[in-house]
Amino acid sequence: MTALEHHHLWRPYTQMKTAAPPLEAIATRGSRITLKGGRELIDGIASWWTAVHGYNHPHIAAAMADQLMRMPHVMFGGLTHAPAERLGARLAALLPGDLNHVFFTDSGSVAVEVALKMAVQLWLNRGETGRTRVLAFRGGYHGDTMGAMSACDPEEGMHRRFGAYLPTQVFCALPRTAEDEAALDAALARHRHELAAVIVEPLVQGAGGMLTHPPEVLATIARLARRHGLPLIADEIFTGFGRTGTLFACEQAGIVPDILCLSKALTGGTMALAATVATTEIFSAFWSDEASAALMHGPTFMANPLACAAANASLDLFEAEPRLAQAQAIAARLQEGLAPLSRLPGVREVRVLGAIGAVQFAGTPELADLKRRFVERGVWVRPFGDIVYLTPALTIDAGDLDRLIAAVTAVTEAVA
Ligand code: PLP
């Protein structure tokens, strides 16, 4: 164990004293991570769900190299540039309905903060005070900043200790049953005058445990939010860009949210970039002769040109290559490969949605032991809570996908 004073890097979600030292990555390519010493790991989770085209795609690399030499960064206050203009127009064209107004930031959590601020200020701009809370769903995760944390599952351990510092939101179960739907309807009615919006992760609560729900549940949420006159914020930070088999998860429910958050795969996993996209109705509430009606947010690296160039190149790949068909093929293979594990007594459930496959254990496994077993098998995954999951690059080849499934099968059989 290294002495405390030698730990210059503070690592995410990590007890620095007891955690095993991290593995050192020295290169990436396709679906593989090369470690110091030359060993390769197959990446089963695409670097926290970002690298949808695999690592180092030459088209994205070339676009970034070109932008790097031209203008890697320029401030966005008072200036604009072609990569952002083009990306904004392309996102508006790709997103459903009139989600046409794009606010760029640099992480998923901040995209959520902006969505929450948009929702709160929307009402103020309309002359209605007191709407300072959002309705969020149990099991949800929206990020690690204060507003985003306040909308995460309130019982979930990671953020609970900060409870006293956070705005208190209204929480409901996802409306999977008629009773849940009635409870949601009643909560919306009861809190209507203090609510600014409803926020949901469409089709799958990712960090909450890869908890999937059918499109009808999402459609019900959209319908009830509308009935109570509340904007719906769809957090597609995990699901956006093909992960669930369609470009955006909302498409499967045929809904158009009022505000939609994107990040993670937006740049194909190369650069930190996020977008909060609003409909024309939302945007128009900020369109005014009053300076005070403007949205007061503006990160220093907003719309970073290098990140926008990477995102444009990533969208080129969605146009030129069959990513959605690849996601669907991965879904079929995950279903076929992982479903038999549900027969093991130590497995509670196997869930597959698009290019997401999760095995939930009946008990809580020893996570460090699980991770070690996977690395021994040449696989990089990050089990958490009571699940191990696969969210590979959409471009992963069949051989590597089969190796991932074989590793999950072998490790699950050994521990469950
Ligand atoms: N929202 C969702 C649905 C996420 O899955 C995440 C990250 O996992 C976030 C927000 C936060 O994104 P970031 O880690 O980029 O701040």
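Can you list the aspartates and glutamates whose alpha carbon sits under 19 Å from that of residue 117, skipping same-chain ones fewer than 8 residues off? Partners found: 106, 128, 144, 194, 201, 235, 236, 258, 281, 290. Of the trypsin sites (Lys or Arg not before Pro) found in region 26-120, those that fall in a DSSP loop while having at most 10 other beta-carbon atoms within 10 Å are 36. Take 126-134, 71-79, 381-389, 266-274 and order them by the average number of nearby Cβ atoms within 10 Å per residue, most first; the result is 266-274, 381-389, 126-134, 71-79.
Computed from phi, the 3J(HN,Hα) profile of region 343-350 under the Karplus parametrisation 6.51, -1.76, 1.60 (θ = phi - 60°) reads 7, 5, x, x, 10, 7, 7, 10 Hz, with x in place of Gly and Pro.
Remark on residue 174: its backbone amide H falls under 5 Å from those of 138, a criterion applied only to residues 5 or more positions apart or on other chains, H modelled at 1.01 Å from N. The relative contact order of region 266-416 comes to 19 percent, based on Cα pairs under 8 Å that sit 6 or more residues apart.
For region 1-64, GluC sites (Glu not before Pro) are listed when DSSP marks them as loop and at most 14 other Cβ atoms sit within 10 Å of their Cβ; the list is 24. Between residue 386 and residue 297, the FRET efficiency from the beta-carbon distance, with R0 = 41 Å, is close to 0.65. Exposure proxy ranking for 261, 308, based on other Cβ atoms within 10 angstrom of each Cβ and starting from the fewest, stands as 308, 261.
In this structure, the amide hydrogen of residue 204, modeled 1.01 Å from its nitrogen in the peptide plane, lies closer than 5 angstrom to those of 213, counting only residues at least 5 positions away or on a different chain. Ranking 21, 232, 363 by how far each Cα lies toward the positive end of the dipole of the chain (charges on Cβ) leaves 21 at the top. Using R₀ = 30 Å, calculate the FRET efficiency as 1/(1 + (r/R₀)^6) where r is the Cβ-Cβ separation of residue 7 and residue 410; round to 0.05. Calculated value: 0.35. The listed peptides 347-354, 372-379, ordered by packing as a protection proxy, come out as 347-354, 372-379 (highest mean of other Cβ atoms within 10 Å first).
Eigen-decomposition of the gyration tensor built on the alpha-carbon atoms of the chain gives equivalent ellipsoid semi-axes of 34, 27, 21 angstrom, largest listed first.
When the label point is put 7 Å from the Cα of residue 173 along its Cα-to-beta-carbon vector, which residues of region 182-209 have a backbone N closer than 12 Å? The answer is 182-184.
Expressed to the nearest 5 percent, the antiparallel share of DSSP beta bridges inside the chain is 70 percent. Less than 5 angstrom separates the built amide H of residue 105 from those of 274, 275, 276, 303, all sequence-distant by 5 or more or on a different chain. Working from Cα pairs under 8 Å separated by at least six residues, relative contact order for the chain is 22 percent.
About the centre of its Cα atoms, region 58-320 shows a dipole size close to 240 debye [charges on the beta carbon of Lys, Arg (+1) and Asp, Glu (-1) only; nearest 20 debye].
With the highest mean first, a sort of the peptides 167-176, 41-50 on other beta-carbon atoms found within 10 angstrom per residue produces 41-50, 167-176.
Computed from phi, the 3J(HN,Hα) profile of region 219-236 under the Karplus parametrisation 6.51, -1.76, 1.60 (θ = phi - 60°) reads 4, 5, 4, 4, 5, 5, 4, 5, 4, 9, x, 10, x, 9, 9, 9, 8, 9 Hz, with x in place of Gly and Pro.
3J(HN,Hα) along region 41-57, derived from phi through the Karplus expression 6.51 cos²θ - 1.76 cosθ + 1.60 where θ = phi - 60°, amounts to 10, 7, 7, x, 10, 6, 6, 6, 6, 9, 7, 5, 9, x, 7, 6, 4 Hz, with x in place of Gly and Pro. Got the relative contact order for region 342-387 handy, in percent, Cα pairs under 8 Å and 6 or more residues apart? Over region 342-387, the number comes to 32 percent. Under the combined filter of DSSP loop state and at most 15 neighbouring Cβ atoms within 10 Å, region 232-308 retains these GluC sites (Glu not before Pro): 290.
The residue 180 and residue 25 beta-carbon pair, evaluated with R₀ = 45 Å, returns a calculated FRET efficiency of approximately 0.60.
None of the figures in this text is laboratory data; all of them are computed from the coordinates on show. Owing to the predicted nature of the structure, the values given are computational and were not obtained by experimental measurement. Neighbour counts are summed over all protein chains in view; Cβ atoms, including those assigned to glycine, are modelled from backbone coordinates with ideal geometry.
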